[in-house]
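S.K.: Quick one: the structure is below, questions incoming.
Just so you know, all these numbers are worked out from the coordinates, no wet-lab data involved. This one's a predicted model, so the numbers in the text were calculated from it and none came from an experiment. As a convention, Cβ positions derive from the backbone with ideal geometry for all residues, glycine included, and neighbour counts pool all protein chains shown.
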Amino acid sequence: MKKVAIIMGSDSDLPVVEKGAALLKEYGIPYEMRVMSAHRCPQKVAEFSQNAESNGFGVIIAAAGMAAHLAGAIAANTTLPVIGIPIKSTLEGMDALLATVQMPSGIPVATVGINNAKNAAILAAQILALSEPQLSERLKEERAKMTAEVEEKDKKLQSETK
Ligand code: RP5
């Protein structure tokens, strides 16, 4: 299976990012986590992104806060799908959300909600699942579990409020 790269702009992003990593681990998806800043080490980011495909990566998740240019800088240097996680650090994360999502046409970043590392991991898994039937099955099972949980909560609420 291809690997997922999880790149974060700073180690201060780790508490959010590791929730996504935990999910990838649960799904048995190989991943590598790196700290790389679009502003503090731009050459390293470019080099990593340019070589990511030949290094066995299939998807790149990029998490950054404030002027969050990391996902965009990575996307500019690869045609692999890039998923951006805007990190809440200043301005409630709205600065990072807009910096991540508002890419110029031609260089997309699939942006999840502020701090939503879990959705980034699920989306990465869904992309890899296109060529991994077992993973695709697992994702379908998880979705069915989620549906059953909501139905259970609804039943419980109905019985409590009768
Ligand atoms: C961004 O600036 C990082 O992704 C982080 O969210 C934020 C603050 O970084 P530190 O000053 O904590 O290293 O580049």
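S.K.: Please give the Cα centre distance for the stretch 24-60 versus the stretch 94-162, rounded to the nearest Å.
M.R.: Spelled out, the Cα-based centre of one part sits 21 Å from the other.
S.K.: GNM, the chain, Cα, under 10 Å: largest mean-square fluctuation among PRO104, PRO30, PRO86?
M.R.: Among PRO104, PRO30, PRO86, the largest mean-square fluctuation in the Gaussian network model of the chain belongs to PRO104.
S.K.: Report, in debye and to the nearest 20, how large the dipole of the stretch 14-135 comes out about its Cα centre when Lys and Arg carry +1 and Asp and Glu carry -1 on their Cβ.
M.R.: 180 debye
S.K.: So if I restrict to the alpha-carbon atoms in the stretch 34-112, what is the Rg, and what is Dmax, the biggest pairwise distance, in Å?
M.R.: 11.7, 37
S.K.: Same structure again: Using modelled amide H (1.01 Å from N, peptide plane; none on Pro or chain starts), what sits under 5 Å from the amide H of VAL59, excluding residues fewer than 5 places away?
M.R.: ALA5
S.K.: May I ask for the Kirkwood hydrodynamic radius of the chain, worked out over all distinct Cα pairs and given in angstroms to one decimal?
M.R.: By the Kirkwood definition, the hydrodynamic radius is 16.4 Å.
S.K.: Here's another thing I want to ask about it. State the number of lysine pairs found in the chain whose Cα atoms come within less than 13 Å, restricting to pairs 8 or more positions apart or on distinct chains.
M.R.: 4
S.K.: Given axes a ≥ b ≥ c from the Cα gyration tensor, I'd like to know whether the stretch 62-148 is rounded (a/c under 1.5), prolate (a/b larger than b/c) or oblate.
M.R.: Numbers: a/c = 3.28, a/b = 1.56, b/c = 2.10.
Oblate.
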